[in-house]
Amino acid sequence: MNNSPQRYTITAALPYTNGPIHIGHLAGVYVPADIYARFLRMQGNDVAFVCGSDEHGVAIPMKAKKEGVTPQEIIDKYHAIIEKSFQDFGVSFDNYSRTSRKIHHDTASEFFKKLYEDGKFIEETTEQLYDAEANQFLADRFVTGTCPKCGHEEAYGDQCENCGSSLNATDLINPKSAITGAVPTLKQTKHWFLPLDRYEDWLKEWIIKGHKKDWKVNVYGQVKSWVDEGLRARAVTRDLEWGIPVPVEGAEGKVLYVWFDAPIGYISSTKEWAEREGKDWEPYWKDKDTKLVHFIGKDNIVFHCIIFPTMLKAEGSYILPDNVPANEFLNLEGKKLSTSKNWAVWLHEYLEDFPNQQDVLRYALTANAPETKDNDFTWKDFQARNNNELVAIFGNFINRVVVLTDKYYSGEVPTPGDYSEVDEQTLATLRAYPAVIASSIEKYRFREAQGELMNLARLGNKYLADEEPWKLIKTDEERVKTVLFVALQIASALATLSEPFLPFTSAKLKSILNISDAENGQDSTWDEISTKHILLNSGHKIGKAELLFSKIEDEQIQKQLDKLEATKAANEAENKKAEPQKEIATFEDFTKMDLRVGTITEATKMPKADKLLVLKVDTGLDIRTIVSGIAKSFKPEEIIGKKVTVLVNLAPRKLRGVESEGMILMTENADGKLVFLNPDEDKVNNGTIIS
């Protein structure tokens, strides 16, 4: 554990460019990483915060094939969407790169060649799963089957998302191709492997012993379980055209496995940043006085805690991660987030419905962050966090302070009188907050840290509510000056301390308090809040009040819930399986049925029956009574004049005392709503035979 580093390298998991990013990505990786990076910069640290788009792997050409475009068009499309989402939400990367860039291809190729030339790989001809219908070897992600560890029937070839076990595709029970659904066969192919088993003893020493006390319990537990099971060699190359070509002879038609090339993207992104800034990249990856921290979701723990460190160790010149504070998963309204099923809140869509409210989502996600266990995002909780905390506490306090200062002193910070015991205690408590919040951030407890920030806002809110300057102004004007002076010190502290969590709010509040410009001497650093006696000087002119947050109404939340309900219905319709075929009917059986076109002429509700309507139907033969169980789906007046298909020779039977002479044919649509089966053509007369 590096307690006094000269610099920090912070990485955030490379998002995969086969779709946009959603709130699960933001909560699990990018907001906590951004909080940490912003905090470190505010402490005056040398920070390289890097990320980039992961643009290789078999899912890209498969999606391109499905959409009828090229793989390059897919990655260009989603890289642009993802990068804009990060910018829109204030994720302050020092560099956001792409694994399709030349600098990355060169970096990954050189890394592979170094390990290859040093004899770190083993070369094997193995049997791998092959889809004969698709005429290609199957990537692990394109093989599904039953997990041998937990029995989950929809495990992938590389990992079971139910129990978290890392797998090989050949481990699966009853495997099938996700491309064609065919049962794959085994076919021989030559590949290079990283022999993880040779590094078991080292990993046990480095992680199991070395990081037992400082790594998160959920991370340490998963890593220990994986190591305890015994490590196996893992392929670093694969049969595919899309990716970085394997840079050795005899490897035509093979590329670097995406799990091998993607984490090297952190290094190439750092190189790209250093080149642009005129810096040397190597100290950020090779100097023991650098602290390397990976921010990831729990599905990436094995790759960042075992496989990538083993790659770095094998290369020999790189430092190892000091910490990997992985988060668990965020669910949405009680269900697992799913890109393929559109069960998500997409960042670019969020801003369409909640413009300029990035910080509200950042706040809600951090307040409910899945730091040690899976957590659930609900729109009602999102609304409550905004209305009851950001608006009612933080926003209310700032608005009161600024409005009263403008009203009583024309926007000038007043000169205080003697402090009361309450004033002294309030200011002392204020000065303790930077260290309290910093301690939580340094331990990667971002939810706890943000809670302390809100406690500071509560301190200000309570102070004003207790002192009631709007009443005191009538009896003790001098005391009001002191009260507002103290309150303005809290407001100034909030402007600074909120920056890692609520960067847009922080900037807006600094503008209101007129402390954005460092030259006026009023903008305090993080540590100065604890050490400076005065943060906002008397006589300093602040601006006019602006609402930092606005109330979110029930209608806005209902719109989001309705959107999810529509998604749920669409998924259910897509997954709805057809009823099994009935027993074989002969042609003679079919010809016995007399199906005719008819028109409903009358419709009434059956007394004391919720489901039944009594219909009069013109069949072209006669006008007859038919009782139909469609009252839950149709009102009587809606169906008069409706063309229908009638089975006219069905044996009559009495229902609730009414004799029904036939049956109207119905089906259900995707929403489960009853639909009449009727001819599309207008000029089909009643009585026309359907055959």
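How far is the Cα center of the stretch 327-368 from the Cα center of the stretch 627-668, in Å?
Measuring centre to centre over Cα atoms gives 47 Å.
Order the following by accessible area, largest value first: Lys291, Lys683, Lys187, Lys559. Probe radius 1.4 Å; ligands, DNA and RNA are ignored.
Lys683, Lys559, Lys187, Lys291
With a cut-off of at most 14 other beta carbons within 10 Å, and DSSP calling the residue loop, which GluC sites (Glu not before Pro) in the stretch 238-320 qualify? Please list them.
In loop regions of the stretch 238-320 (DSSP not H, G, I, E or B), the sparsely surrounded GluC sites (Glu not before Pro) are Glu241, Glu249, Glu252.
How big is the accessible area of Lys541 in square angstrom, nearest 10, if you roll a 1.4 angstrom probe over the protein chains?
About 100 Å², ignoring ligands and nucleic acids.
Please report how far the C-alpha centroid of the stretch 131-188 lies from that of the stretch 459-531, rounded to the nearest whole angstrom.
Measuring centre to centre over Cα atoms gives 58 Å.
Report the one residue of Gly411, Ala364, Trp379 whose Cα lies farthest in the direction of the positive end of the charge dipole of the stretch 308-417 (charges on C-beta: Lys and Arg +1, Asp and Glu -1; origin at the Cα centre).
Farthest along the dipole direction, towards plus: Trp379.
Which ³J(HN,Hα) values, rounded to whole Hz and listed in residue order, are derived for the stretch 262-275 from phi using the Karplus coefficients 6.51, -1.76 and 1.60 in 6.51 cos²θ - 1.76 cosθ + 1.60 with θ = phi - 60°, glycine and proline given as x?
4, x, 5, x, 5, 5, 5, 5, 5, 4, 4, 5, 4, 4
Can you tell me the 0 to 90 degree angle between the C-alpha axis of helix 396-409 and the longest principal axis of the chain, rounded to 10?
Taking the Cα atoms of the chain, the angle to 396-409 is about 50 degrees.
Sorted by accessible area with a 1.4 angstrom probe, largest first, how do Lys510, Lys582 fall?
From most accessible down to least: Lys582, Lys510.
Could you tell me which residue out of Val391, Ile639, Leu14 lies farthest along the dipole of the chain toward its positive end? Charges go on the beta carbon: Lys and Arg +1, Asp and Glu -1, centred on the Cα centre.
Positive-end residue among those listed: Ile639.
For Asp466 and Asn162, what is the calculated FRET efficiency with R₀ set at 60 Å and r taken between the beta-carbons, to the nearest 0.05?
0.70
Report the charge-dipole magnitude of the stretch 254-312 in Debye, nearest 20, computed about the Cα centre from +1 at each Lys and Arg Cβ and -1 at each Asp and Glu Cβ.
180 debye
Only helical DSSP H runs with n ≥ 4 go in: add -39500 (n - 2.57) per run for the chain, normalise by residue count and round the 222 nm mean residue ellipticity to 500 deg cm²/dmol.
Value at 222 nm, helices only: -11500 deg cm²/dmol.
Counting C-alpha atoms alone, how compact is the chain: give Rg to one decimal and Dmax as a whole number, in angstrom.
33.0, 105
Testing the spin-label approximation: label points 7 Å from Cα along Cα→Cβ at Trp206 and Thr126. State their distance in nm.
Taking the two extended label points, one gets 2.1 nm.
Please express the shape of the stretch 176-221 as an equivalent ellipsoid: the semi-axes are the square roots of 5 times the eigenvalues of the C-alpha gyration tensor, given largest first in whole angstrom.
Whole-Å semi-axes of the equivalent ellipsoid: 37, 18, 6.
Kindly identify the stretch 20-119 as rounded, prolate or oblate by the Cα gyration tensor criterion: order the square roots of the eigenvalues as a ≥ b ≥ c, call it rounded if a/c is under 1.5, otherwise compare a/b with b/c, prolate if a/b is larger, else oblate.
oblate
Can you give the extra length, in nm with one decimal, that the chain gains between Glu442 and Lys559 once fully stretched, where that is 0.36 nm per residue apart less the Cα-Cα distance?
38.3 nm
How many nm separate the modelled label positions at Glu277 and Ala80, each set 7 Å beyond the Cα in the direction of the Cβ?
2.8 nm
Please work out how much accessible surface Val436 shows to a 1.4 Å probe, ignoring ligands, DNA and RNA, in Å² rounded to 10.
My reading of the accessible area for Val436 is about 60 Å².
Can you give me the long-range amide H partners of Thr237? Hydrogens built in the peptide plane at 1.01 Å from N, cutoff under 5 Å, separation of 5 or more residues or another chain.
Under 5 Å from the amide H of Thr237: Trp192, Tyr257.
I'd like the distance separating the alpha-carbon centroids of the stretch 22-96 and the stretch 233-279, in whole Å.
After rounding, the separation between the Cα centres reads 18 Å.
Taking the 0 to 90 degree range and rounding to the nearest ten, how far is the long axis of helix 217-228 tilted relative to the main principal axis of the chain, both from C-alpha atoms?
Tilt of helix 217-228: around 70 degrees.
Apply the Karplus parameterisation 6.51 cos²θ - 1.76 cosθ + 1.60, with θ equal to phi minus 60°, to every residue of the stretch 415-426 and state each ³J(HN,Hα) to the nearest whole Hz, in sequence, with x for glycine and proline.
Computed from phi, the couplings for the stretch 415-426 are 8, x, x, 5, 6, 7, 4, 5, 4, 4, 5, 5 Hz.
What's the magnitude of the charge dipole for the chain around its Cα centre, counting Lys and Arg as +1 and Asp and Glu as -1 at the beta-carbon? Answer in Debye, nearest 20.
So the dipole magnitude of the chain works out to roughly 1220 debye.
Would you mind checking the tilt of helix 477-497 against the longest principal axis of the Cα atoms of the chain, expressed as 0 to 90 degrees and rounded to 10?
So the inclination is approximately 70 degrees.
Given charges of +1 on the Cβ of Lys and Arg and -1 on the Cβ of Asp and Glu, with all other atoms neutral, how large is the dipole of the stretch 224-357 about its Cα centre, in debye to the nearest 20?
In total the dipole reaches around 460 debye.
Heavy atoms only, probe 1.4 Å: what % of the accessible area of the chain goes to carbon and sulfur, would you let me know?
Summing carbon and sulfur atoms, their accessible area is 47 percent of the total for the chain.
Which whole-number value in Å² is the accessible area per residue of the chain, probe 1.4 Å?
Dividing the accessible area of the chain by its residue count gives 46 Å².
Sorted from largest down, give the three principal axis spans of the alpha carbons of the stretch 443-528, whole angstrom values.
Its Cα atoms span 47, 32, 21 Å along the three principal axes.
Near Lys209, which lysines are there with a Cα under 18 Å away, not counting those fewer than 8 places off in the same chain?
Lys224, Lys313
Where both partners of a DSSP beta bridge lie in the chain, what percent of those bridges are antiparallel, to the nearest 5?
The antiparallel proportion sits near 75 percent.
In whole Hz and in residue order, list the ³J(HN,Hα) couplings for the stretch 147-161 that follow from phi through the Karplus curve 6.51 cos²θ - 1.76 cosθ + 1.60, θ = phi - 60°; x for Gly and Pro.
Using θ = phi - 60°, the values come out as 5, x, 8, 10, x, 4, 7, 10, 6, 8, x, 10, 6, 9, 6 Hz.
For Thr601, enumerate residues with amide H under 5 Å from its amide H, sequence gap 5+ or separate chain, H modeled in the peptide plane.
Answer set, sorted by chain and number: Lys616, Val617, Asp618, Gly641.
Suppose accessible area is computed on protein heavy atoms with a 1.4 Å probe; arrange Glu499, Glu55 from highest to lowest.
Descending accessible area places them as Glu499, Glu55.
Residues of the stretch 301-331 with backbone nitrogen within less than 20 Å of a virtual label 7 Å along the Cα-to-Cβ line of Val248, please, listed as ranges.
Counting backbone N atoms under 20 Å from the label point, the list is 307-317.
Spin-label point model (7 Å from Cα, Cβ direction): what's the His348 to Arg656 distance in nm?
With each label placed 7 Å out from Cα toward Cβ, I get 5.3 nm.
Starting from the Cα-Cα distance between Asp527 and Ser340, subtract it from 0.36 nm times their residue separation and give me the gain in nm to one decimal.
Length gained, Asp527 through Ser340: 62.7 nm.
In square angstrom, rounded to the nearest 10, how much accessible surface does Ser317 have for a 1.4 Å probe?
Looks like 50 Å² after rounding.
Show the residues, 5+ positions off or on another chain, whose built amide H is closer than 5 Å to the amide H of His152.
Distant-sequence amide H within range of His152: Cys147.
Which entries of Lys563/Lys673; Lys336/Lys635; Lys213/Lys291; Lys608/Lys673; Lys149/Lys443; Lys254/Lys336 show an alpha-carbon separation above 29 angstrom in the structure shown?
Lys336/Lys635; Lys149/Lys443; Lys254/Lys336
The values are calculated or read from the model by the stated rules, or taken from the named source; none is laboratory data. What you see is a predicted model; the values in this text were computed from it and never measured. Positions of Cβ are generated from backbone atoms using ideal geometry, with glycine treated the same way; all protein chains shown enter the neighbour counts. Note: areas computed on protein heavy atoms with side chains; ligands, DNA, RNA excluded. Shrake-Rupley method; radii C 1.70, N 1.55, O 1.52, S 1.80 Å.
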